[in-house]
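So the structure is just underneath, and the comments pick up after that.
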Amino acid sequence: MSAIAFPDPDPSILARRDAIVAGLAGLVAPEALITSEDERRPYETDALTAYRRMPLAVVLPSTTQEVAAVLRYCSQAGVPVVPRGAGTSLAGGAIPQEDAVVIGVSKMNRILEIDYADRVARVQAGVTNLAVTGAVSADGFFYAPDPSSQLACSIGGNIGMNSGGAHCLKYGVTTNNVLGVTMVMLDGSIVEIGGAHLDAPGYDLLGLVVGSEGQIGIVTEATVRILRAAEGARPVLFGFPTSEEAGAAVAAIIGAGIIPVAMEFMDKQAVEICEAFAKAGYPMDCGALLIIEVEGSDAEMGAQLARIVAIARQHGVTTVKESRSAMEAAAIWKGRKSAFGATGRIADYICMDGTIPTGQLPYVLRRMDEIVQGYGLRVANVFHAGDGNLHPLVLYNCNDPVEAQKAEDAGMDILRLCVEVGGCLTGEHGVGIEKRDLMTVQFNEADLHQQMRVRAVFDRDWLMNPAKVFPLEGRVAA
């Protein structure tokens with residue numbers, strides 16, 4: 001598959017590869033510099049595996065100071081840089097190019113400080129998402145953003161893509177849970193933005209950093225918010241005859257002012273795939289399934305569930321199944337969290353990521369099926385229904401170039417549909433290369449130019465993750 005273009009590599013940089021590698025070797029330990037083709041190969045792609053490019057070299061620094069030294073050197077040498085967390089980006093955000101140096105933060109994986117009094121933790125960027133909760137759960141705390149890849153994905157990558165997760169309906173996405181960062185700029189300068197306090201004076205530069213996809217600097221440390229765990233939590237399965245009825249129930253629940261801690265959607269295709277893998281006890285006779293989790297005391301959970309069940313009954317619910325134990329609750333979430341991996345057992349797929357107003361769910365679910373069927377393909381829908389963050393999995397055979405192109409075209413049509421109904425191109429996966437050429441669908445020329453001017457202030461020569469986010473044509477300087 002080669003529909004998405006990459007910039008042509010700079011021949012002058014390729015010709016200087018040996019000298020560039022020698023310069024990098026003087027900045028980090030030998031084990032932190034990867035230069036052989038075999039060892040570079042794991043870094044040629046990320047979770048958007050249809051595209052791959054072999055990087056010039058890979059550097060794995062262990063400290064902020066080493067990141068600064070490498071960035072300063074690359075800037076002076078005019079060498080593009082691709083920041084990399086754990087490589088779980090589904091939008092191609094960490095795919096390199098042949099004339100670029102990958103700077104990974106995987107060795108920077110320590111939790112530096114936990115402050116329960118102020119409810120914050122300071123962590124290095126390579127710490128995995130789940131490790132933050134793991135470090136504080138014994139004391140009754142947790143870190144709210146929980147992407148499906150939370151076992152592997154890093155805090156640095158979460159910050160780059162403004163990642164979300166199932167429980168972000170109530171607690172917000174990464175930008176709502178990060179208070180400060182240490183970031184290295186392209187020239188090697190180290191800046192502190194925000195901190196262990198609720199708000200900071202001056203411009204909201206932290207809001208610019210979160211979701212910037214590694215284009216204005218490399219985050220090496222973050223101060224994140226940790227929250228006290230609720231008294232109890234209870235996921236409940238709701239089965240509906242059709243996806244449209246399940247979507248209408250979601251819109252009605254949110255419209256009634258009810259905000260559960262999570263509200264996840266799975267259509268029949270996804271239910272069958274996940275149940276075969278996880279044996280979670282999902283109802284197999286439904287056309288669509290909602291996992292709705294409430295939390296609080298028993299009385300609070302009971303009262304909220306009663307309202308939710310009443311609304312669900314107005315929309316044709318056929319199954320209501322409450323978890324009765326911690327084991328049942330874990331099984332319910334195992335099925336949902338393993339959806340992407342379980343789907344990979346039966347087919348190749350492209351996982352899309354668009355967001356729509358919840359009131360448009362019934363219409364969009366119907367149109368998505370029509371779009372994918374029009375290409376002669378199948379789709380499994382599993383997504384964060386409460387905030388309208390869609391994740392249709394378009395199934396195809398990657399060994400069939402024609403079918404692969406159809407899958408990509410279907411995905412692009414789905415994203416156009418999201419914008420058409422008042423939504424946006426991405427919810428939590430970022431733009432990367434996948435949606436770069438659709439940015440003109442979301443933004444007009446003036447909008448894009450203003451965004452690019454802001455970006456270029458931090459990176460005048462477009463060396464930081466240069467193939468990503470903005471269309472390759474029409475880029476502007478500061």
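The values are calculated or read from the model by the stated rules, or taken from the named source; none is laboratory data. The model shown is predicted, which means the values in this text are computed figures rather than measured ones. FYI the Cβ positions are ideal-geometry reconstructions off the backbone, even for glycines, and counts take in every protein chain you see. Accessible surface is based on the protein model in full, side chains and every heavy atom, while ligands, DNA and RNA are left aside. Shrake-Rupley method; radii C 1.70, N 1.55, O 1.52, S 1.80 Å.
Per-residue answers, yes or no, for (1) in contact with a Gly (Cβ under 9 Å, 6 or more places away or on another chain); (2) free of Cβ contacts under 8 Å to residues at least 12 places away in the same chain; (3) open to solvent by less than 10 Å² (accessible area, probe 1.4 Å); (4) of a type in the set (Val, Ile, Thr):
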{"position": "Leu27", "(1), (2), (3), (4)": "no, no, no, no"}
{"position": "Asp38", "(1), (2), (3), (4)": "no, yes, no, no"}
{"position": "Ala47", "(1), (2), (3), (4)": "yes, no, no, no"}
{"position": "Met54", "(1), (2), (3), (4)": "no, no, no, no"}
{"position": "Ser62", "(1), (2), (3), (4)": "no, no, no, no"}
{"position": "Val67", "(1), (2), (3), (4)": "yes, no, yes, yes"}
{"position": "Val70", "(1), (2), (3), (4)": "yes, no, yes, yes"}
**OP:** Would you check which residues across the stretch 315-369 are among the acidic types (Asp, Glu) and closer than 22 Å to Ala410 by Cβ and list them?
**Re:** Asp348, Asp353, Asp369
**OP:** Output yes when any residue across the stretch 23-46 is assigned to a helix (DSSP H, G or I), in contact with a Pro (Cβ under 7 Å, 6 or more places away or on another chain) and within 30 Å of Cys398 (Cα to Cα), and no when none is.
**Re:** yes
Subject >> The lone exception for Val132 - which of (1) assigned to a helix (DSSP H, G or I); (2) within 22 Å of Glu295 (Cα to Cα); (3) free of Cβ contacts under 8 Å to residues at least 40 places away in the same chain it fails >> reply: (3)
Original post:
Which condition does Leu179 not pass, out of (1) modelled with pLDDT under 95; (2) touching a strand residue (DSSP E or B) at 6+ places or on another chain (Cβ under 6 Å), if it passes all the others?
Top reply: (1)
Original post:
Somewhere in the stretch 84-98, is a residue of a type in the set (Asp, Glu), open to solvent by 20 Å² or more (accessible area, probe 1.4 Å) and in a strand (DSSP E or B)?
Top reply: no
**OP:** Might you let me know whether the stretch 153-171 holds any residue that is surrounded by fewer than 17 Cβ atoms within 10 Å (Cβ to Cβ), out of contact with any Asp or Glu (no Cβ under 6 Å at 6 or more places or on another chain) and modelled with pLDDT under 95?
**Re:** no
Original post:
Restricting the search to the stretch 410-446, which residues are open to solvent by 10 Å² or more (accessible area, probe 1.4 Å), charged (D, E, K, R) and part of a helix (DSSP H, G or I)?
Top reply: Asp413, Arg416, Glu420, Asp437, Glu445
**OP:** For the stretch 167-181, indicate whether the set of residues that are part of a helix (DSSP H, G or I), in contact (Cβ under 8 Å) with a residue 12 or more places away in the chain and farther than 15 Å from Val224 by Cβ is non-empty.
**Re:** yes
Subject >> Per-region count, the stretch 357-397, residues open to solvent by less than 10 Å² (accessible area, probe 1.4 Å) and of a type in the set (Val, Ile, Thr) >> reply: 4
Original post:
Quick check, is Val454 under 19 Å from Asn162 (Cβ atoms), open to solvent by 50 Å² or more (accessible area, probe 1.4 Å) and not in a loop (DSSP other than H, G, I, E, B)?
Top reply: yes
Original post:
Within the stretch 398-407, restricting attention to residues that are among the aliphatic types (A, V, I, L, M) and surrounded by 18 or more Cβ atoms within 10 Å (Cβ to Cβ), which residue is modelled with the lowest pLDDT?
Top reply: Ala404
Subject >> Test: Gly341 is assigned to a loop (DSSP other than H, G, I, E, B) and in contact (Cβ under 8 Å) with a residue 24 or more places away in the chain >> reply: no
Subject >> Residue count for the stretch 382-409, restricted to those that are hydrophobic (A, V, I, L, M, F, W, C), closer than 30 Å to Leu237 by Cα and in a helix (DSSP H, G or I) >> reply: 1
**OP:** Only residues that are touching a helix residue (DSSP H, G or I) at 6+ places or on another chain (Cβ under 8 Å) and more than 23 Å from Pro61 (Cα to Cα): list them for the stretch 180-205, please.
**Re:** Gly194, Ala200
**OP:** Inspect the stretch 220-238 for any residue being on the phi > 0 side of the Ramachandran plot and touching a helix residue (DSSP H, G or I) at 6+ places or on another chain (Cβ under 8 Å) and give the result as yes or no.
**Re:** no
**OP:** Output the residues belonging to the stretch 313-327 that are surrounded by fewer than 13 Cβ atoms within 10 Å (Cβ to Cβ) and touching a residue at least 24 places away in the same chain (Cβ under 8 Å).
**Re:** Gln314
Original post:
Does Ala138 satisfy the criteria of being of a type in the set (A, V, I, L, M), open to solvent by 30 Å² or more (accessible area, probe 1.4 Å) and over 23 Å from Ala91 (Cβ atoms)?
Top reply: yes
**OP:** Would you point out which residue out of Ala121, Ala50 is over 16 Å from Asn465 (Cβ atoms) and in a strand (DSSP E or B)?
**Re:** Ala121
